[in-house]
Amino acid sequence: MRNRELLTTGEAAVLLRSSRAHVADLCLRGLLPYVTIERQRRIRRSDVEALIRPKMNREQQEKLWLHRAVAGRLVRDPRAVMAAAEINLRRLRRMHPEGRAWEWLDRWDAVLDEGVEAVLEALTSSAAFAVDLRETSPFAGILPEKERVAVLAALADSRRDRARPMRPESFERVLRSV
């Protein structure tokens, strides 16, 4: 099995049991994140697999979508968003002077110290470490309420566009072929 992180729209279509046009439509509507490499769309395997077999509960998916919107703001104005996160992190430390929250606040400190790329990964990844990290996020207040409501509405729309469920053995067979 080729274990590539980025898939073409055709490979994503095979996994989703849909057409390339449907995958392109999901991308254009913002329901499936993608990057453009040499004028071709590339989609993270984890994002496609998350459509097929979500590993997150509804609350975790909401946090992921909201944090992806924060990532958009971070790309547009990295200095302001990073500064706001650092201020929020200090405020959270004052609110929780001891306890389990400090472990996650320390992790956020480390991510912020690594720079914008590391923060973007934590904000947009569906990996377990990022899901856990977003539980104590220092990015509260970054999104205006109107944008927050729009993101949650887009999430609700995406849930109506789920791929057809696939039996686990079929899913594994398709993954081996891609």
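Give the ranking of 113, 25 by solvent-accessible surface, highest area first, calculated with a 1.4 Å probe.
These residues rank, largest area first, as 113, 25.
Could you list the GluC sites (Glu not before Pro) in the stretch 8-57 that lie in coil according to DSSP, counting only those with at most 15 other Cβ atoms within 10 Å of their Cβ?
Within the stretch 8-57, the qualifying GluC sites (Glu not before Pro) (loop, at most 15 other Cβ atoms within 10 Å) are 38.
Within the stretch 1-84, what whole-number % of the accessible surface is contributed by carbon and sulfur, with the 1.4 Å probe and all protein chains included in the calculation?
Solvent-exposed carbon and sulfur of the stretch 1-84 make up 50 percent of the total.
Using a 1.4 angstrom probe on the protein heavy atoms only, could you order 22, 67 from most to least accessible area?
22, 67
Please report how far the C-alpha centroid of the stretch 26-78 lies from that of the stretch 103-159, rounded to the nearest whole angstrom.
Computed from Cα coordinates, the inter-centre distance equals 12 Å.
If Rh is defined by the Kirkwood formula over all Cα pairs and Rg also comes from Cα, what ratio Rg/Rh do you get for the chain?
In the chain, Rg relative to Rh is 1.00.
Can you list the DSSP H helices in the chain whose Cα atoms extend at least 27 Å along the helix axis and whose mean Kyte-Doolittle hydropathy is 0.5 or higher?
The qualifying helices: there are none.
The values are calculated or read from the model by the stated rules, or taken from the named source; none is laboratory data. Everything numeric here is computed off the predicted structure, so don't read it as measured data. We place every Cβ from the backbone using ideal geometry, glycine too, and count neighbours over all the protein chains shown. Keep in mind that these areas ignore ligands, DNA and RNA; they rest on the heavy atoms of the full protein, side chains included. Shrake-Rupley method; radii C 1.70, N 1.55, O 1.52, S 1.80 Å.
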